[in-house]
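Every read-out reported here was derived from the displayed coordinates using simple, explicitly stated rules and does not represent laboratory data. From a predicted model like this one, the values you see are computed outputs, not experimental measurements. Cβ coordinates were reconstructed from backbone atoms using ideal geometry, including for glycine residues, and neighbour counts include every protein chain displayed.
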Amino acid sequence: MASAEVVAASGPRKVDRALLDKLILASDPGPPLLTALTHRSHLDAGLGYERLEFLGDRVLGLLVADMILRAFPDEAEGAIAKRHTALVRRETLAEIADEIGLGDYIHMSPGEITTGGRENPAILSDVIESVLAVIYQVEGLEVARAFVERYWRSKLTRDPTPPRDAKTSLQEWLQGRGAPLPSYVVAERTGPDHAPRFLIRVKAGPYGAAEGEGGSKREAEQAAAANLLSQLGAA
């Protein structure tokens, strides 16, 4: 077993030591550990973590799907698909990465750090998928499964009913009243390219309009739909 010291790039912080131990298994002390934690903005990044993120995305999708099927053996495909989408979306991955404390361990350029790269949900979600890829490559599928079970299980079980996103709920509410589908437009975009903020306006014909903000178009659309549902008393 190789050993290496993984030092937080931004100073001390409470971090999941078990996760770092898994990463250390892969380190000598170079790739794939450093690759999984290196953003392309870093001077010596090369390709950065993108290739590992590609693999981690597929591993995560498989393991989350299997976890859901075992947890809800009687649910229909539509319900488990909603659960899967909720568990692998950017917001969930970024939340877990933040819980683990991965942000402080990402190697990136000073400029990226200054503009909030360590808290960027897009970067955090990519890195945790890269980490999962390293665990899978070094320790195998069952250790990767244990990692997913540890961090995603609580997200799966915190709501016994299948998640219903606001956009779907709004669409179904409108269809039930014979109304046309809602339309979403970007009302405003602010922030740098690596950490944008979107203001989305949703319009629902005679049922009004609302706005929502988020770090991605999807997040802002969901917020806008939720706000309109609240206005309509349908939330």
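With the charge dipole of the stretch 62-141 set up from +1 on Lys and Arg Cβ and -1 on Asp and Glu Cβ about the Cα centre, the Cα lying farthest toward the positive end among the listed residues Thr92, Gln137, Gly78 is that of Gly78.
Could you work out how far the C-alpha centroid of the stretch 209-234 sits from that of the stretch 155-189, in angstrom? Taking the Cα centre of the stretch 155-189 as reference, the centre of the stretch 209-234 is 9 Å away. Remark on His107: its backbone amide H falls under 5 Å from those of Thr38, His39, a criterion applied only to residues 5 or more positions apart or on other chains, H modelled at 1.01 Å from N. For the stretch 208-225, putting each phi into the Karplus relation 6.51 cos²θ - 1.76 cosθ + 1.60 with θ = phi - 60° gives couplings of x, 8, 7, 10, x, 10, x, x, 9, 4, 4, 4, 5, 4, 4, 5, 5, 4 Hz, in residue order, rounded to whole numbers and with x for Gly and Pro.
Can you sort Tyr151, Tyr49, Tyr184 by how many other beta carbons sit within 10 Å, fewest first?
Numbers: Tyr151 20, Tyr49 27, Tyr184 17.
Ranked by crowding around the Cβ, least crowded first: Tyr184, Tyr151, Tyr49.
Counting other Cβ atoms within 10 Å as a rough exposure proxy, the listed residues Val127, Val64, Val138 run Val138, Val64, Val127 from fewest neighbours to most. For Ala210, nonlocal amide neighbours, meaning residues 5 or more places apart or on other chains whose placed amide H falls under 5 Å from its own, are Val202. When Rg and Dmax are taken over the Cα atoms of the stretch 107-202, they come to 19.4, 54 Å. Each residue of the stretch 185-196 was assigned a 3J(HN,Hα) from its phi angle through the Karplus curve 6.51 cos²θ - 1.76 cosθ + 1.60 (θ = phi - 60°); the sequence is 9, 7, 7, 7, 10, 10, x, x, 4, 7, 9, x Hz, with glycine and proline shown as x.
The distance between label points at Glu211 and Arg164 comes to 2.8 nm (points 7 Å beyond Cα on the Cα→Cβ vector). Note on the stretch 166-231: Rg/Rh from Cα positions, Kirkwood definition for Rh, rounded to two decimals, is 1.02.
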